[in-house]
Amino acid sequence: MTSIRAAITGVGGYVPEYILTNQELETMVDTTDEWITSRTGIKERRILKGENQGVSVLGIAAVKDMLAKTKIDPKEIDCVIFATVTADMTFPATANIVASAVGATNAFSFDMGAACSGFLYGLSAGASYIQSGMCKKVVVIGGDKMSAIMDYTDRTTCIIFGDGAGCVLLEPTTEDVGIVDAILKSDGAGETYLHMKAGGSRMPASRETVDKRQHFVYQEGSAVFKFAVTNMAEVSAQLATRNNLTADNINWLVPHQANKRIIDATAHRVGITEDKVMMNIERYGNTTAGTIPLLLWDYEKQLKKGDNLLLAAFGGGFTWGAVYVKWAYNS
Ligand code: UT7
C-alpha cells in the first residue's frame, strides 16, 4: 500500500500595518534600541490597533491570502486549526470565527493552545487527520495578538512581542514530500516562569486582578531563555539524527523567533550556517504561534520542491518540539 503523507501545498500570512519601533519603545519604557537589538535581534514589531480587533482579524487575512494564491474553494476545507494564546474570546474558538468568515462552511474547527509551539502542534495534528484519511484539506493557522496581553510598563517583556499570523494548507500526497516526522514535548513545570495569571477559571477577572496587572504576560526572561536554548537545540538535533539530516542536507532551519541568541544556539547545535536559517525577528519580533508560518510566508519564493526544512519551537507551558518537512512545490 502506498503511504500517504500530508504536504504543505499553500502558505498565507498577514501582519498589521502599525510598526512599533525600538525608538518608540524608548519613549514608553526605560530601554534603548542598542539594548533591544543586541540582546534580542529585534528592531520593530507590528501592532493591531483599533477597537474590537481580535486575533481573528489576523487569521482571516492570512487564510484569505492563502486562498487567493492556491485558488481552492473554501467549501472543500475539512478542518481549520488555529494555534493561539490570544483567542478573541475564551469561547467560542477563534478557529470557528475564522472558518465562517473565509467561507469554510464544511469544516470543523478548533483552537490549539500550545503557546509558541502551537503551530507545530497544530501542524502535527492536521497532518494526522490527513494521514488517517479523515480529511483531504486542513488549514493550520498560527497567530497571536500579543499586544492585547502585554504590559507596556514591563521593559523585560514588552520589547520582544508583536502581532501577526500565518497559515498553511495541508493536502494528501503519495510523493516523497510533506510532513515526515515530528517530536513534540511539554512540561507543566514551566508555568512558574511564563504565564498569564488571571482571566482563566482558576482566577477569574476581578477588580483586584486588574489592579495587580495580572491580565498580562508574566515572564522570567532569563530562566525561560535557559530552558529554550537547551531544549529547542536538543529536540532539533534529536529529530535531525533520527532522520539522517545533517548540515549538508538540511536546506533550511525554521526556528521560532523569540530571541536571535536562541536561534543562533539552535543553528550552532545542528551545525547550520546563518545563510540557511530563516529569520524575520528584526521586523516582527516574537508573534508567539505566528513566527513559524510567517517565516514560511516570507521565504516561500526561495523554497524548492524536495527542500529539507527543520522547524523548531519553544514556548510557554513549557512546550517545545521540532518537525521535519520536505517542501512540496516550487512557487
Ligand atoms: O517565546 C517563547 C518564550 N520566550 C522566550 O524564549 C524568551 C526568552 N528570554 C529572552 O529572550 C531574554 O531573557 C529577554 C530578552 C526577555 C531578556 O534578556 P536577558 O539578556 O535575559 O536579560 P535579563 O532579564 O537577564 O536582564 C539583564 C539586565 C537586567 O539589569 P541588571 O539587573 O543586570 O542591572 C535587566 O534589568 O538587563 C536589564 N533589562 C533591560 N535593560 C534595558 C531587562 N530588560 C531591559 C530592557 N532595556 N528592555
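Read the figures in this text as sums done on the coordinates, not as results from a lab. Just so it is clear, the structure is predicted and the values come from calculations on it, not from any experiment. Glycine gets a Cβ as well: all are built from the backbone with ideal geometry, and neighbour counts include every protein chain shown.
Extension gain, Lys305 to Ala68: 0.36 nm times the residue separation minus the Cα-Cα distance gives 83.2 nm. This ranking places Phe314, Phe82 by how few other beta-carbon atoms lie within 10 Å of each, fewest first, which gives Phe314, Phe82.
Using Cβ point charges alone (K and R +1, D and E -1), the dipole size of the chain about the Cα centre works out to roughly 440 debye. Placing pseudo-labels 7 Å out from each Cα toward the beta carbon at Ser186 and Glu76 gives an inter-label distance of 3.3 nm.
How many nm separate the modelled label positions at Lys276 and Asp151, each set 7 Å beyond the Cα in the direction of the Cβ? Computed distance between label sites Lys276 and Asp151 equals 4.2 nm. Here is the list for the range 1-73: trypsin sites (Lys or Arg not before Pro) lying in DSSP coil, each with at most 12 other C-beta atoms within 10 angstrom of its C-beta, are Lys49, Lys71. Distance from the alpha carbon centroid of the range 167-204 to that of the range 110-142 works out to 9 angstrom. Helical runs (DSSP H, four residues minimum) scored at -39500 (n - 2.57) apiece and divided by the length of the chain put the mean residue ellipticity at 222 nm at -9500 deg cm²/dmol.
For the pairs Lys71/Lys304; Lys145/Lys305; Lys226/Lys301; Lys64/Lys301, flag any whose C-alpha to C-alpha distance is greater than 27 Å. Provide the component values of the computation, followed by the final result.
On the way: Lys71/Lys304 20 Å; Lys145/Lys305 32 Å; Lys226/Lys301 34 Å; Lys64/Lys301 18 Å.
Exceeds cut-off: Lys145/Lys305; Lys226/Lys301.
Length gained on full extension, Ile4 to Asn243, computed as 0.36 nm times the residue gap minus the Cα-Cα distance: 84.2 nm. Okay, which of the range 131-167 sit inside 18 Å, backbone N to the point 7 Å along the Cα-Cβ direction of Asp33? Under 18 Å, as judged by backbone N against the label point of Asp33, lie 159-160 of the range 131-167.
Test of the criteria: in the range 145-253, which trypsin sites (Lys or Arg not before Pro) are in a DSSP loop and have at most 13 other Cβ atoms within 10 angstrom of their Cβ?
On the way: sites: Lys145, Arg155, Lys185, Lys197, Arg202, Arg207, Lys212, Arg213, Lys226, Arg242; in loops: Lys197, Arg202, Lys212, Arg213.
Within the range 145-253, the qualifying trypsin sites (Lys or Arg not before Pro) (loop, at most 13 other Cβ atoms within 10 Å) are Arg202, Lys212, Arg213.
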